[in-house]
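Each remark here refers to the structure printed beneath this line.
No lab work stands behind these numbers, since they all come straight from the coordinates. Being a predicted model, the structure only gives us computed values, none of them experimental. Neighbour counts are summed over all protein chains in view; Cβ atoms, including those assigned to glycine, are modelled from backbone coordinates with ideal geometry.
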Amino acid sequence: MTKFPLILIPGLLCSPRLWAAQIEDLSDIASCEVVDHTRHSTVAAITRSILEEAPEHFALAGLSMGGYISFEILRQEPERVKKLALLDTSALTDTDEARASREARMADVRANGFEQFVAGDWLAQMVPAAKADDETLKEQISALALEVGEGAFFRQQKAIMSRPDSRPTCETISCPTTIIVGELDDVTPPVRHEEIHELISGSTLQVVPECGHLSTVEKPREISTLLRDWLMN
């Protein structure tokens with residue numbers, strides 16, 4: 001069986017291990033590659049570096065920031081993307097309030113250190129309130145962030161802050177598309193995914209119960225099943 005190339009793009013402060021379960025679970029049908037999204041400070045530059053090394057055609061899955069980059073890939077070279085999966089993301093650009101919040105977090109890291117930021121503000125964002133006592137989940141999310149590191153965090157924040165509105169891009173997407181979001185995702189809530197679903201003709205929308213923003217970590221087997229269905233159908 002010929003395996004289809006599958007490019008996986010992590011979220012902000014998420015190392016390649018964000019996709020570890022999916023790489024294992026889909027290995028029989030997909031040749032998975034997690035790309036590096038840590039080296040540049042604009043979404044356009046990150047995308048160019050990915051496309052320079054990508055196969056001619058591929059399936060594409062992006063979570064959170066990975067979704068922002070996926071939209072840019074579809075702006076730059078849409079004909080290369082044969083299937084698209086968008087997880088826990090948004091098509092909107094940052095508001096002034098959101099940019100100010102990112103600036104404040106970067107200032108916090110400079111003043112108080114990266115590890116303290118990860119243990120405090122970052123976990124408060126990433127862990128749903130209903131799972132605030134889940135120490136295993138906190139350890140997993142902290143490990144992903146610490147593997148990415150402080151320097152990449154600043155570059156990624158700058159890239160996210162300057163990203164364009166992707167709603168016009170959604171209206172041009174014609175490849176088979178699935179949209180997946182955790183029911184408890186407060187960072188990019190289900191309503192944002194309903195907007196994307198309405199804009200992408202023929203797309204499917206899946207809401208994962210009892211799951212927050214980092215769905216591949218919280219519900220790895222469920223996400224793998226949804227991605228398998230998307231790849232096979």
Pull out the extension gain between S31 and E183, defined as 0.36 nm times the separation in residues minus the alpha carbon to alpha carbon distance; nm, one decimal. 51.8 nm
Overall dimensions of the chain by Cα: Rg and Dmax, Å: 16.5, 53
Folded to 0 to 90 degrees: helix 190-199 orientation relative to the chain principal axis, Cα: 30
Please work out how many pairs of lysine residues in the chain are eight or more positions apart (or on different chains) and have Cα atoms closer than 15 angstrom. 4
Theoretical gain in end-to-end length, E198 to T172 [0.36 nm per residue, Cα-Cα removed]: 8.1 nm
In whole Å, what are the Cα extents of region 76-200 along the three principal axes, biggest one first? 45, 30, 27
Using alpha-carbon coordinates alone, the radius of gyration and Dmax of region 25-118 in Å work out to 15.8, 47
Given a Förster radius of 30 Å and the C-beta distance between Q76 and A132 as r, what FRET efficiency does 1/(1 + (r/R0)^6) yield to the nearest 0.05? 0.15
Rounded to the nearest 500, the 222 nm mean residue ellipticity computed for the chain from DSSP H runs (n ≥ 4, each -39500 (n - 2.57)) alone is -13500 deg cm²/dmol
